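Read through the structure below, which is laid out as structure tokens, and then see the notes.
The values are calculated or read from the model by the stated rules, or taken from the named source; none is laboratory data. For clarity, every value in this text was computed on a predicted model and none was experimentally measured. Here Cβ is always computed from backbone atoms with ideal geometry, including for glycine, and neighbour counts include all displayed protein chains.
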Amino acid sequence: MTNKTGSDIRSNQFVYAALMAGIALFAGISLLLNLLQGPSINDKTVNSALMVISIIFLGNIPIGIVLFKKRLETIESQNLDEKLTTYRDAMIVCAALMEGSGFFGIVCFLLTGNNFFIILAAIIIAIMAYFFPTRERIATELGISSSEIE
């Protein structure tokens, strides 16, 4: 593994971890605020928020995964550095869609106090953790041997 390849992989992992940490920190702050101050919206808007977050949740995550896979289909003729750059770009788009769903769920929780929304955010963090870009995952998704990036 060249020094640049190793730093590319570490930067991918750092960006992805930062996206996950952002959701987790915002969720923690929202839990604390909700415990201290309570929700700021009445129960009438909870049903509307439930419908919207469900649509966003059920839409953004599969869309992000499909966009990620479609983007990776174009890398066969690229060299390793170009593959890693394409992977990073695709990973950020996928993670950003998931993160947006998580943030929206946390905002809904903050406004309504309904625990369903914070549970959805936790599910999104779990899904993001499952797709965390380890060296092995990156090698598999790029169609290269792990020895090429180790």
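Taking segment 42-93, which residues are among the acidic types (Asp, Glu) and over 20 Å from Thr5 (Cβ atoms)? Scanning segment 42-93 gives Asp43, Glu73. Evaluate segment 11-22: report whether one residue or more is in a helix (DSSP H, G or I) and more than 30 Å from Ser145 (Cα to Cα). Looking through segment 11-22, at least one residue is in a helix (DSSP H, G or I) and more than 30 Å from Ser145 (Cα to Cα). Could you list all residues from segment 130-150 that are in a helix (DSSP H, G or I) and in contact with a helix residue (DSSP H, G or I) (Cβ under 7 Å, 6 or more places away or on another chain)? Those that are in a helix (DSSP H, G or I) and in contact with a helix residue (DSSP H, G or I) (Cβ under 7 Å, 6 or more places away or on another chain): Arg135, Glu136, Ile138, Ala139, Glu141, Leu142, Ser146, Glu148. Candidates Glu136, Glu76, Glu141: the one that is loosely packed, with under 14 Cβ neighbours inside 10 Å, over 30 Å from Leu31 (Cβ atoms) and either touching a residue at least 60 places away in the same chain (Cβ under 8 Å) or of a type in the set (A, V, I, L, M) (or both) is Glu76. If you filter segment 28-44 down to residues that are loosely packed, with under 10 Cβ neighbours inside 10 Å and in a loop (DSSP other than H, G, I, E, B), you find that the one that is modelled with the lowest pLDDT is Asn42.
Here Phe131 passes the criteria (1) hydrophobic (A, V, I, L, M, F, W, C); (2) surrounded by 12 or more Cβ atoms within 10 Å (Cβ to Cβ); (3) more than 30 Å from Thr5 (Cα to Cα) except the one numbered (3). Being closer than 29 Å to Glu136 by Cα and either in contact with a strand residue (DSSP E or B) (Cβ under 9 Å, 6 or more places away or on another chain) or of a type outside the set (Ser, Thr, Tyr) (or both), is that true of even one residue in segment 108-118? No, there is no match, as no residue in segment 108-118 is closer than 29 Å to Glu136 by Cα and either in contact with a strand residue (DSSP E or B) (Cβ under 9 Å, 6 or more places away or on another chain) or of a type outside the set (Ser, Thr, Tyr) (or both).
Exactly one residue among Ile61, Ile53, Ile106 is within 19 Å of Ala18 (Cα to Cα), assigned to a helix (DSSP H, G or I) and touching a Leu at 6+ places or on another chain (Cβ under 8 Å), and that residue is Ile61. Residues considered: Leu67, Leu97, Leu111. Of these, the only one that is touching a residue at least 60 places away in the same chain (Cβ under 8 Å) and of a type outside the set (D, E, K, R) is Leu111.
Restricted to segment 64-76, and to residues there that are hydrophobic (A, V, I, L, M, F, W, C) and part of a helix (DSSP H, G or I), the residue that is nearest to Met128 (Cα to Cα) is Ile65.
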